[in-house]
Amino acid sequence: MQLLEISDLITAVEPGSGRRLPVRRAEVVRRLRECGDERAARIVADLPVDQDGVLDPHEVDRVLISVHTELQRLNEELRMGERLVHLLGPLFSAIRSSGTQAGPYRLVDVGCGLGYMVRWLAATNALGADVELVGVDLDAALVGEADRLARAEGLDCRFVHGDAFDMPQAATVYISTGVLHHFRGPALAEFFQTQAASPALAFCHFDITATPLAPIGAWVFHLARMRHPLGRHDGVVSARRAHSDETLLRAATAPGIRPLVYEPRGSVNPFCATLRPVIGVRPHLEAPLRLALGRAARRLVGPEHLAEAATG
């Protein structure tokens, strides 16, 4: 059965312009039923429409902002800010020490949603004053709420509605959290290839660790923390769609990029595995990155050592 997330289906934008397109509820319900997901079809069938059967964009925005607000709790409980800085701190140290590029540097969060990671980094100033923090998302409502929250919190960061890879100023480092599993088939490799072909020096993308326990853990968490049935549904489906370490490293293998995975599945307790990052650096940055990581560099594994790490 093909696994689809409701949040991917109830909004649509025009490529290039980012203009919002109408979405017919009946079409979404049909697609979900064809995939055998009757529960998801019922959730969408309860969403309001206009006289033409088009989903009410204001209600869709309200639901998605509510769901993303609840998802922020997951990032807080998993201490994603600290986990991100554990890698980004040494990564920016490696970039600075290499002399490849002078500051200021630019970090771009791809698919930032409500911008929790960017706002956390801005609030803590964990990466230093020479790192500009930018969140980008194709959903205008989420970006608008992220910007509102940042202004209310008095944070030095900004949010942009659009394509993260089509901005006037390129990123130094791209990051994301919980985005990779949305890309399927050739689109996953294209995602990484686009970054490899850009002036960016590195990327660090966290996504769900693909283990047999991940869907169970997602079900327990989302049942306990999520109020809206859409959030509960999509949280479990996300875990079921998670890519393996091998899939991510194959997709991230592109000219000019050294792909690495931090804490691969076989090296951690499956009961403790949640999200782990796939990292890509320009080859000359791998050595200074490992030096900056210190003892933690042992957890950084390339494609040639992944099988060895998985078997212990």
- Query: Packing-wise, with mean Cβ within 10 Å as the measure, how do 49-56, 133-140, 83-90, 298-305 rank, highest first?
  - Reply: 133-140, 83-90, 298-305, 49-56
- Based on the alpha carbon coordinates of the chain, what radius of gyration and maximum Cα-Cα distance (Dmax) apply, in Å? 19.4, 62
- Tell me, what ³J(HN,Hα) does each residue in segment 160-174 have, in order and in whole Hz, if you take phi through Karplus 6.51 cos²θ - 1.76 cosθ + 1.60 with θ = phi - 60° and put x for Gly and Pro? 10, 8, x, 8, 4, 9, 10, 10, x, 10, 6, 7, 7, 9, 9
- Give me the percent of DSSP beta bridges within the chain that run antiparallel, rounded to the nearest 5. 45 percent
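Given a Förster distance of 22 angstrom, what is the FRET efficiency for residue 69 paired with residue 21, based on the Cβ-Cβ distance and rounded to 0.05?
Numbers: r = 25 Å, r/R0 = 1.12.
Step by step, r from the Cβ atoms, then E = 0.35.
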- Note on the structure: The distance between the Cα centres of segment 86-110 and segment 179-198, in whole Å, is 21 Å
- Message: Once you place label points 7 Å from the Cα toward the Cβ at residue 102 and residue 189, how far apart are they in nm?
- Response: 4.0 nm
- Of all alpha-carbon pairs in segment 6-55, indicate the percentage at a distance above 11 angstrom. 67 percent
- If we sort 3-10, 274-281, 245-252 on the protection proxy, mean other Cβ atoms within 10 Å, highest first, what's the order? 274-281, 245-252, 3-10
- Among 188, 91, 260, determine the one that fluctuates most according to a GNM of the chain built with springs between C-alpha atoms less than 10 Å apart. 188
- Query: How many angstrom lie between the C-alpha centres of segment 1-63 and segment 138-155?
  - Reply: 24 Å
- Message: On C-alpha positions alone, give me the angle between the axis of helix 140-152 and the longest principal axis of the chain, in degrees, nearest 10.
- Response: 60 degrees
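Can you tell me how much longer the chain between residue 166 and residue 291 gets when fully stretched, taken as 0.36 nm per residue apart minus their C-alpha distance, in nm with one decimal?
Details: separation 125, 0.36 × 125 = 45.00 nm, distance 3.27 nm.
Separation in residues times 0.36 nm, less the Cα-Cα distance, equals 41.7 nm.
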- Task: Using only alpha carbons, build the gyration tensor for segment 12-103 and give me the equivalent ellipsoid semi-axes, biggest first, whole Å.
- Result: 40, 19, 13
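We did not get these values from a lab; they are worked out from the coordinates using the rules stated. Everything quoted here is computed from the prediction, not taken from an experiment. Positions of Cβ are backbone-derived with ideal geometry, glycine not excepted, and every protein chain shown enters the neighbour counts.
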